[in-house]
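**Q** Let me give you the structure first, and then I'll get to my questions.
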């Protein structure tokens, strides 16, 4: 199965390529912005037409949440228009697409895990443009899967796990937000979930729609950091860990608002595709070992 992958150099894209390289089922046409500008409609159409993939997996995104507040045009082009152009191109050649989205489409006011059917109400530009991208995919192509995820970490790129390990070894104390809750997700588990769906699509499955895939146990950023530092100490990656202090969102103001609660229900993903939530604590141990 030939998969056209956008955002190939990101955390998810890198993990997807790793998994596909060890498979005799999948071949990857890897693209990042150097190979394909997803904001150029003609370029996207021509690339897909020439490559003739069996499916498109769109992992390209403007993910700098705070920068998006001022880089509105760029965020819209990548997060909203890019998915639209890719879905249109997929429709032209008669193939499905898997589009990766985010928990930031929700406003964080819920008190129980968000279902895929919960109304979207993004708080900032990043979430709004990602929601626009979702809607563009839905309107352009019936044969789609939209997978929302959250708090992604891996051995690749810049992410929260790497940052906290570094700061935990450099500083005497760390203040980390304790009143925002979500589900950390290992990019490798998300990649495996996507390839699992691809294999089933190859076999004829057509459970199109929107789903959630994220970590299995909710935690706060403070709780996530505590787990990261504990793992760093246990594996000898930290000689000593900084003292960890809990702070409130208001104590660490940022340009873009964050949802206070973005825990998502992954049940429908398991029911439709047989993919369970990510065991993020086990994955964290593996990632720290690789760093």
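Here, each number is a calculation from the coordinates, and none is a lab measurement. Just so we're clear, the structure is a prediction, and the values are computed from it rather than from any experiment. For neighbour counting, all protein chains shown are included, and Cβ atoms are generated from backbone atoms with ideal geometry for every residue, glycine included.
**Q** Roughly how far apart, in whole Å, are the Cα centres of the stretch 54-76 and the stretch 105-153?
**A** 13
**Q** Compute the semi-axes of the equivalent ellipsoid of the stretch 220-280, taking the square root of 5 times each eigenvalue of the Cα gyration tensor, and list them largest first in whole Å.
**A** 29, 22, 7
**Q** For the stretch 252-275 and the stretch 166-196, what is the separation of their C-alpha centers, rounded to whole Å?
**A** Cα centroid to Cα centroid, the span is 13 Å.
**Q** If you line up the long axis of helix 41-51 against the longest principal axis of the chain, both from Cα atoms, how many degrees apart are they, to the nearest 10?
**A** 70
**Q** Let me ask another. Please report Rg (one decimal) and Dmax (integer) in Å for the Cα set of the stretch 161-203.
**A** 17.2, 54
**Q** Quick one: helix 82-93 against the long Cα principal axis of the chain, what's the angle to the nearest 10°, folded into 0 to 90?
**A** 30
**Q** Counting each DSSP H run of 4 or more residues in the chain as -39500 (n - 2.57), what helix-only mean residue ellipticity at 222 nm follows after dividing by all residues, to the nearest 500 deg cm²/dmol?
**A** Value at 222 nm, helices only: -12000 deg cm²/dmol.
**Q** Let me ask something else about it. When the scattering of the stretch 56-155 is computed by the Debye formula from its Cα atoms alone, each counted once and equally, what is log10 I(q)/I(0) at q = 0.16, 0.17, 0.18 Å⁻¹?
**A** Calculated log10 I(q)/I(0) at the listed q: -0.66, -0.74, -0.82.
**Q** What translational D, rounded to a whole number of µm²/s, comes out for the stretch 40-100 from Stokes-Einstein when the hydrodynamic radius is the Kirkwood one over Cα pairs, at 4 °C and 1.567 mPa s?
**A** Translational diffusion coefficient: 107 µm²/s.
**Q** Still on this structure: Which whole number in µm²/s is D for the stretch 169-255 by Stokes-Einstein, with the Kirkwood Rh taken over Cα pairs at 10 °C and 1.306 mPa s?
**A** Calculated translational D: 100 µm²/s.
**Q** Any idea what Rg and Dmax come out to for the chain if you just take the C-alpha atoms, in Å?
**A** Rg and Dmax of the chain, Cα atoms, are 18.7, 57 Å.
**Q** Got the relative contact order for the stretch 129-274 handy, in percent, Cα pairs under 8 Å and 6 or more residues apart?
**A** 36
**Q** Can you give the Rg/Rh ratio of the stretch 1-74, where Rg is from the C-alpha atoms and Rh is the Kirkwood radius?
**A** That ratio equals 1.02.
**Q** Any idea what angle helix 187-202 forms with the longest principal axis of the chain, computed on alpha-carbon atoms, 0 to 90 degrees, nearest 10?
**A** It is inclined by approximately 20 degrees.
**Q** Could you tell me the largest-minus-smallest coordinate of the C-alpha atoms of the stretch 128-207 on each of the three principal axes, in descending order and whole angstroms?
**A** Between the extreme Cα coordinates on each principal axis of the stretch 128-207 lie 55, 28, 20 Å.
**Q** While we're looking at this one, here's another question. Would you list 290, 202 from fewest to most Cβ contacts within 10 Å?
**A** Lowest count first: 290, 202.
**Q** Shifting gears a bit: For the chain, with a Gaussian network of springs between Cα atoms less than 10 Å apart, report the residue from 134, 250, 71 with the top mean-square fluctuation.
**A** Among 134, 250, 71, the largest GNM mean-square fluctuation belongs to 250.
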